[in-house]
1. Which is open to solvent by 40 Å² or more (accessible area, probe 1.4 Å), under 17 Å from the mean Cα position of the chain (by Cα) and under 17 Å from I106 (Cβ atoms), of I128, I135?
2. If you go through the range 117-163 one residue at a time, how many are part of a helix (DSSP H, G or I) and among the hydroxyl-bearing types (S, T, Y)?
3. If you take the residues of the range 24-62 that are in a loop (DSSP other than H, G, I, E, B) and among the charged types (D, E, K, R), which of them is farthest from T141 (Cα to Cα)?
4. Can you tell me which residue is farthest from the chain's Cα centre (by Cα) among those in the range 2-38 that are open to solvent by less than 10 Å² (accessible area, probe 1.4 Å) and of a type in the set (G, A, S)?
5. Given the criteria assigned to a strand (DSSP E or B), of a type outside the set (F, W, Y) and within 30 Å of K82 (Cα to Cα), does A186 qualify?
6. Just to check your reading of the model, which residue among A160, A165, A154, A100 is under 15 Å from L13 (Cα atoms) and small (G, A, S)?
7. Can you work out which of the residues in the range 178-206 that are of a type in the set (A, V, I, L, M, F, W, C) and touching a residue at least 40 places away in the same chain (Cβ under 8 Å) is farthest from K142 (Cα to Cα)?
8. Consider V166 against the criteria (1) in contact with a strand residue (DSSP E or B) (Cβ under 7 Å, 6 or more places away or on another chain); (2) open to solvent by less than 30 Å² (accessible area, probe 1.4 Å); (3) in a helix (DSSP H, G or I): it satisfies all of them except one. Which criterion is unmet?
Amino acid sequence: MKPFPFRGAIFDLDGTLFDSMHVWTEVDNAFLRKRGIPMPSDYHDEVKSRNFPEAAAYTKTRFSLPEHEEEIMREWFVMTVKAYANDVLLKPFAREFLSALREQGIKTGIATSSKQALYTPVLERCGIANMFDTIVTTEQTKPKSFPDVYLETAKRLGVAPNECAVFEDILVGIKSAKTAGFYAVAVQDHTSLSEQDRLRALADRYIVSFAELL
């Protein structure tokens with residue numbers, strides 16, 4: 001791989017490093033189907049950039065659900081934890097790209113909306129848990145509609161935004177990263193194809209696979 005032109009690299013997990021968004025789609029579908037609620041066309045886009053509490057609050061309000069938000073989150077968690085522990089895989093060439101960055105001495109971090117109990121088993125099972133210098137979640141900062149999670153990750157890595165690339169699959173993440181001065185790389189995911197044109201237009205670079213960077 002050619003020398004990476006930045007001192008740091010920050011990665012989203014779901015839909016970027018992890019081929020996992022299908023799990024959330026299946027959980028969303030099963031959750032609403034159980035309650036006899038048709039799946040709105042915009043629901044997945046509305047919740048995928050929110051952390052668990054925010055997504056639960058949004059879902060409860062939107063569908064006037066009687067359950068407490070804690071009950072909603074508990075049901076989602078039970079449905080997803082098994083899939084993450086056993087079935088979620090890395091995107092093609094993600095491990096190879098991370099290894100190449102580490103060999104070049106690039107600082108690497110994770111900025112995610114996912115819960116630790118979900119992502120840790122995947123990182124360990126896929127052999128990349130030791131490839132990151134820090135992990136920051138939106139539960140510790142703010143939703144990805146704000147740049148805080150990327151800024152905090154960069155701060156912990158000891159790099160400035162203009163010295164760092166952010167890898168994301170969702171439009172709201174790319175927007176926030178760009179706003180904060182990061183170099184934004186949009187990673188194609190099958191669940192964000194409807195946003196493909198806007199992602200291409202906004203991101204500094206758009207990739208279909210990490211193989212393009214090797």
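1. Details: I128 fails: open to solvent by 40 Å² or more (accessible area, probe 1.4 Å).
Exactly one residue qualifies, and that residue is I135.
2. Residues of the range 117-163 that are part of a helix (DSSP H, G or I), as a first pass: 117-125, 129-131, 148-157, 161-163.
Next, from what is left, pick out any that are among the hydroxyl-bearing types (S, T, Y): 119-120, 150, 153.
So the answer is 4.
3. Restricting attention to the range 24-62, the residues satisfying the condition of being in a loop (DSSP other than H, G, I, E, B) are 35-42, 48-51.
Then keep just the ones that are among the charged types (D, E, K, R); that gives 35, 42, 48, 50.
Working: R35: 32, D42: 25, K48: 16, R50: 12 Å.
For the range 24-62, the residue satisfying everything is R35.
4. G8
5. On the way: assigned to a strand (DSSP E or B): yes; of a type outside the set (F, W, Y): yes; within 30 Å of K82 (Cα to Cα): yes.
Yes: the conditions hold for A186.
6. Numbers: A160 fails: under 15 Å from L13 (Cα atoms); A154 fails: under 15 Å from L13 (Cα atoms); A100 fails: under 15 Å from L13 (Cα atoms).
Every option except A165 fails the conditions.
7. Our first condition is that a residue be of a type in the set (A, V, I, L, M, F, W, C); within the range 178-206, this holds for 180, 182, 184-187, 193, 199, 201-203.
Subset that is touching a residue at least 40 places away in the same chain (Cβ under 8 Å): 182, 187.
Values: F182: 17, V187: 22 Å.
Among them, the one singled out is V187.
8. (3)
The values are calculated or read from the model by the stated rules, or taken from the named source; none is laboratory data. Just so we're clear, the structure is a prediction, and the values are computed from it rather than from any experiment. Note that we place each Cβ from the backbone using ideal geometry, even for glycine, and neighbour counts take in every protein chain shown. All accessible areas refer to the heavy atoms of the entire protein, side chains included, with ligands and DNA or RNA removed. Shrake-Rupley method; radii C 1.70, N 1.55, O 1.52, S 1.80 Å.
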